[in-house]
Amino acid sequence: MRTLMRVWCAVVAGAGLVVGAGSPAGAGVSLAPEADLAYHGYVSMADGRVDVRLTPRNHGPSAVADATVRLRWSVPLADRQSLPGGCARADVRAVVCRTGALAADGLGEEITLAVRLRGAPAEVMLEFETVWGGGAVDGNRANDRQRVLVLDTGDSYVF
């Protein structure tokens, strides 16, 4: 799994270098397409199980062929997880998921996952952010980075 994540990170980093290589030196103008990714949904927790549903959105102006969102919990995840296709364990507290294609000013497919935390904490902080935007430049990073405090009540918290 670690080897897979290292390869994935190298591919993502290399893609960013290739996109940046096309910009004229000192021009201050990006040749990469522009997109504005955001995530909305809800999360709930009960007895150490966290259920997340999030829908990626691209406010445009350009379409994105694919992107990757990272979900990071403030406590470690249980060692064994059953993750949906398109999602992978990134480290002891994080999972990354593909968004799939996102049309300009369009919604993506809902991402649904359930994870088990180590133990049964009374609360957890869930942070998520775009870690790869498909080569697009996102000038508004404020709406694709969020933090949600989730209490062990079974209640849904909207973000």
Contact list please: Cβ distance under 9 Å, first residue in the range 138-158 and over 17 Å from residue 123 (Cα atoms), second residue among the hydroxyl-bearing types (Ser, Thr, Tyr), pairs at least six apart or on different chains.
138/130; 141/130; 143/39; 144/39; 144/130; 145/130
Checked the range 18-42 for anything crowded, with 21+ Cβ neighbours inside 10 Å and either modelled with pLDDT under 95 or touching a Leu at 6+ places or on another chain (Cβ under 6 Å) (or both); matches are 39
Among residues belonging to the range 88-141 that are β-branched (Val, Ile, Thr) and part of a loop (DSSP other than H, G, I, E, B), point out the one that is least open to solvent (accessible area, probe 1.4 Å).
99
Residue count, the range 69-86, condition buried (at least 20 other Cβ atoms within 10 Å of the Cβ) and among the β-branched types (Val, Ile, Thr), comes to 1
Complete set of residues in the range 71-93 that are small (Gly, Ala, Ser) and within 20 Å of residue 125 (Cβ to Cβ):
74, 78, 90
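The values are calculated or read from the model by the stated rules, or taken from the named source; none is laboratory data. Since we're looking at a predicted model, the values are computed, not measured. We place every Cβ from the backbone using ideal geometry, glycine too, and count neighbours over all the protein chains shown. SASA here: full protein model, heavy atoms, side chains in, ligands and nucleic acids out. Shrake-Rupley method; radii C 1.70, N 1.55, O 1.52, S 1.80 Å.
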